[in-house]
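This report concerns only the one structure given below.
The values are calculated or read from the model by the stated rules, or taken from the named source; none is laboratory data. Computed from a predicted model, the values in this text were never measured in an experiment. Cβ coordinates were reconstructed from backbone atoms using ideal geometry, including for glycine residues, and neighbour counts include every protein chain displayed. Calculation scope for accessible area: heavy atoms of the full protein, side chains included, ligands and nucleic acids excluded. Shrake-Rupley method; radii C 1.70, N 1.55, O 1.52, S 1.80 Å.
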Amino acid sequence: MSSRQNVTVIGLGPMGQAMAQVLLDKGLHVTVWNRTASRADALVARGAVRATSAEDAVAASELIVLSLTDYDAMYTVLEPASHALIGRTLVNLSSDTPAKARAGAQWVTEHGGIHLTGGVNASPSGIGQPGAFAFYSGPRHAFEAHRSTLEILTSTDYRGEDPGLAALLYQIGMTMFWTSTLSYWQVVALADANGLTATDVLPYATETMTGMPDFFSFYAERIDAGEHPGDVDRLAMGMASVEHVLHTNADAGVDTTLPAAVAALFRRGMDAGHATDSFSSLVELMKTTNT
């Protein structure tokens with residue numbers, strides 16, 4: 001019961017602000033702390049308690065939600081307060097690598113606390129809204145003990161004891177998000193160079209992305225089986241297509257960093273002898289750093 005009623009939020013950027021607000025809306029007793037103390041003003045006006053130090057913030061609640069830039073920031077904030085971690089559960093929603101998450105979990109454990117790694121798949125405006133979810137990994141008993149509180153923020157997807165797994169799944173999503181969104185920026189730049197607006201090309205960009213799940217599903221079983229037959233597509237055909245994309249962007253005078261990188265990867269596949277294989281064969285090159 002107490003874990004649901006008392007929560008500390010450390011880190012009051014947009015995400016931390018949104019989480020603290022939603023917890024307050026649900027009637028929880030929320031303690032907040034941020035290195036720039038003024039960021040807590042609006043939350044304090046709504047009923048949050050401002051901790052005077054990170055140590056006081058940790059000591060105030062059994063459950064501490066951490067929303068910082070990365071794990072290095074966690075050490076900066078919590079090392080002076082590490083003795084206060086004893087018996088506390090730290091839900092670390094800071095973005096970082098799986099290796100950093102595992103090391104961070106070990107550090108918290110060594111100081112007597114319990115670490116849950118989280119990866120939030122929502123924008124700050126989505127916190128507390130349907131469709132928002134977060135990956136969690138770490139000790140199951142800690143997750144179950146605080147699940148009802150965490151589900152005030154988002155739906156939860158517990159992925160197991162490995163503290164690095166939630167971070168991995170989050171970074172997989174970010175890999176897709178940033179690369180896909182950059183491809184849209186590339187399209188917008190190309191459209192602009194040809195007198196079209198982002199709004200003009202939006203329906204076509206959306207249509208392309210809407211079809212991607214079926215595309216992924218088709219190739220997933222083949223990739224898992226290590227099979228890349230050229231029965232549906234061939235890398236050589238794809239090579240010609242990505243060269244056309246590169247040249248179209250170059251002719252328009254827009255930045256070609258992204259399409260050039262794509263073309264370079266296709267060329268590696270061609271040089272590796274995959275011309276008559278499916279372009280899914282590129283995944284085998286991407287599994288290793290060999291060039």
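List of remarks:
- Filtered residues of the range 80-117 (kept if open to solvent by 40 Å² or more (accessible area, probe 1.4 Å), farther than 14 Å from Gly138 by Cβ and of a type in the set (S, T, N, Q)): Ser95, Thr97
- Qualifying residue in the range 211-231 (condition: open to solvent by 80 Å² or more (accessible area, probe 1.4 Å) and in a loop (DSSP other than H, G, I, E, B)): yes
- Every residue from the range 27-66 that is part of a loop (DSSP other than H, G, I, E, B), open to solvent by 20 Å² or more (accessible area, probe 1.4 Å) and in contact with a helix residue (DSSP H, G or I) (Cβ under 9 Å, 6 or more places away or on another chain): Gly27, Asn34, Arg35, Arg46, Gly47, Thr52, Ser53, Glu62
- Residue within the range 91-106 that is touching a Leu at 6+ places or on another chain (Cβ under 9 Å), at pLDDT 95 or above and over 24 Å from Gly173 (Cα atoms) present: no
- In the range 191-210, residue surrounded by the fewest Cβ atoms within 10 Å (Cβ to Cβ) [restricted to those that are in contact with a helix residue (DSSP H, G or I) (Cβ under 7 Å, 6 or more places away or on another chain), without any contact (Cβ under 8 Å) to a residue 12 or more places away in the chain and small (Gly, Ala, Ser)]: Ala198
- Any hit, the range 119-126, residues being surrounded by 22 or more Cβ atoms within 10 Å (Cβ to Cβ) and either in a helix (DSSP H, G or I) or over 14 Å from the mean Cα position of the chain (by Cα) (or both): no
- Conditions (1) open to solvent by less than 40 Å² (accessible area, probe 1.4 Å); (2) under 27 Å from Ala191 (Cα atoms); (3) in contact (Cβ under 8 Å) with a residue 40 or more places away in the chain: number failed by Ser281: (2)
- Search result, residues across the range 160-190 that are among the aliphatic types (A, V, I, L, M) and either in contact (Cβ under 8 Å) with a residue 40 or more places away in the chain or open to solvent by less than 80 Å² (accessible area, probe 1.4 Å) (or both): Leu165, Ala166, Ala167, Leu168, Leu169, Met174, Leu182, Val187, Val188, Ala189, Leu190
- His115 being modelled with pLDDT of 95 or more and touching a Ser or Thr at 6+ places or on another chain (Cβ under 6 Å): no
- Among the conditions (1) open to solvent by 30 Å² or more (accessible area, probe 1.4 Å); (2) in contact with a Phe, Trp or Tyr (Cβ under 7 Å, 6 or more places away or on another chain); (3) not in a helix (DSSP H, G or I), the only one that Gly131 does not satisfy is (2).
- Looking across the range 1-51, the residues that are of a type in the set (Gly, Ala, Ser), over 18 Å from Gly128 (Cα atoms) and free of Cβ contacts under 8 Å to residues at least 24 places away in the same chain come down to Ala37, Ser38, Ala45, Gly47.
- All told, Asp72 meets the bar of being part of a helix (DSSP H, G or I), of a type in the set (Asp, Glu), within 25 Å of the chain's Cα centre (by Cα) and modelled with pLDDT of 95 or more.
- Test result for Ala54, of a type outside the set (Lys, Arg) and more than 21 Å from Met174 (Cα to Cα): yes
- Subset of the range 142-156 [touching a strand residue (DSSP E or B) at 6+ places or on another chain (Cβ under 7 Å) and of a type in the set (S, T, N, Q)]: Thr149, Thr154, Ser155, Thr156
- First in the range 226-237 and more than 16 Å from Leu285 (Cα to Cα), second anywhere and outside any helix (DSSP H, G or I) and open to solvent by 50 Å² or more (accessible area, probe 1.4 Å), Cβ under 9 Å, 6 or more apart: Gly230/Thr276
- The residues of the range 240-288 that are among the aliphatic types (A, V, I, L, M) and assigned to a loop (DSSP other than H, G, I, E, B), listed by number, are Val254, Ala272, Ala275.
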